[in-house]
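Visitor: Quick one: structure below, then a few questions.
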Ligand SMILES: Cc1cc2nc3c(=O)[nH]c(=O)nc-3n(C[C@H](O)[C@H](O)[C@H](O)COP(=O)(O)O)c2cc1C
């Protein structure tokens, strides 16, 4: 059975809901999935993980300077992603994600992950398009 870890940071629940919906979808694909807030991250969670999906709410000046919250960045910087683990990023937002994914990717080690799969949502609900993106992500 494939294994996935979903790591997220949420202030008011939207990103948590999105993480939960992504998790339910992966479970429905028979992937053993754990959904974990950044405060509960432990290195052993990634042991044997095939997929790591990391998500955060968008922080910025609404139209410019979007980046992940420092709490998310500090947690992600400490993670050394195992070589076999494929990474995707997700974010929730109100107006636009702008530079969000670029700035999230900077914290993902090993570096050089400029073409990571990304998912985004205003309301934290998984859409049919998101399912399509996840299906493609799982194929690789
Ligand atoms: C301080 C602050 C800055 C934000 N900056 C942006 C932004 O630049 N662009 C945007 O689209 N949404 C922005 N938002 C909206 C949040 O990213 C959005 O509501 C998100 O879904 C909240 O996620 P959460 O419920 O998981 O905390 C901002 C919210 C806050 C509190």
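Readers should treat all values here as calculations from the given coordinates under stated rules, not as data from a laboratory. Owing to the predicted nature of the structure, the values given are computational and were not obtained by experimental measurement. No Cβ is skipped: glycine too gets one built from the backbone with ideal geometry, and neighbour counts run over all protein chains shown.
Visitor: Away from the ligand (no atom under 13 Å from the Cβ) and in contact with a strand residue (DSSP E or B) (Cβ under 6 Å, 6 or more places away or on another chain) - does that describe any residue in region 91-99?
Guide: Among the residues of region 91-99, not one is away from the ligand (no atom under 13 Å from the Cβ) and in contact with a strand residue (DSSP E or B) (Cβ under 6 Å, 6 or more places away or on another chain), which makes the answer no.
Visitor: Name the residue, out of 45, 26, that is in a helix (DSSP H, G or I), away from the ligand (no atom under 13 Å from the Cβ), in contact with a strand residue (DSSP E or B) (Cβ under 7 Å, 6 or more places away or on another chain) and over 17 Å from residue 133 (Cβ atoms). It would help to see each step written out before you state the result.
Guide: On the way: 26 fails: over 17 Å from residue 133 (Cβ atoms).
Going through 45, 26 in turn, just one is in a helix (DSSP H, G or I), away from the ligand (no atom under 13 Å from the Cβ), in contact with a strand residue (DSSP E or B) (Cβ under 7 Å, 6 or more places away or on another chain) and over 17 Å from residue 133 (Cβ atoms): 45.
Visitor: Say whether the condition of being on the phi < 0 side of the Ramachandran plot, surrounded by fewer than 17 Cβ atoms within 10 Å (Cβ to Cβ) and within 16 Å of the ligand (Cβ to nearest atom) is met by at least one residue in region 5-17.
Guide: yes
Visitor: Determine the pairs where a residue that is under 15 Å from residue 38 (Cβ atoms) and in contact (Cβ under 8 Å) with a residue 60 or more places away in the chain, located within region 65-83, has a partner that is part of a loop (DSSP other than H, G, I, E, B) and away from the ligand (no atom under 11 Å from the Cβ) with Cβ atoms under 7 Å apart, the partner being 6 or more residues away or on another chain.
Guide: 75/41; 76/107; 76/108
Visitor: Could you list, in sequence order, all residues of region 52-89 that are in a strand (DSSP E or B) and either closer than 14 Å to residue 106 by Cβ or away from the ligand (no atom under 11 Å from the Cβ) (or both)? Talk me through it step by step, then tell me what you get.
Guide: Step one: of region 52-89, the residues in a strand (DSSP E or B) are 52-59, 67-68, 80, 86-89.
Residues satisfying the conditions are 52, 53, 54, 56, 67, 68, 80, 86, 87, 88, 89.
Visitor: Test residue 69 against the criterion of being touching a strand residue (DSSP E or B) at 6+ places or on another chain (Cβ under 6 Å) and within 12 Å of residue 8 (Cβ to Cβ), and give yes or no.
Guide: yes
Visitor: Identify the single condition in (1) in a helix (DSSP H, G or I); (2) in contact (Cβ under 8 Å) with a residue 40 or more places away in the chain; (3) more than 12 Å from the ligand (Cβ to nearest atom) that residue 39 does not satisfy, given that it satisfies every other one.
Guide: Status for residue 39: all satisfied but (2).
Visitor: Taking interchain pairs and intrachain pairs at least six residues apart, which have beta carbon atoms under 6 angstrom, with the first residue in region 84-104 and over 11 Å from residue 60 (Cα atoms) and the second in a loop (DSSP other than H, G, I, E, B) and near the ligand (Cβ under 8 Å from one of its atoms)?
Guide: Pairs that qualify, where the first residue is over 11 Å from residue 60 (Cα atoms) and the partner is in a loop (DSSP other than H, G, I, E, B) and near the ligand (Cβ under 8 Å from one of its atoms), are 91/97; 92/124.
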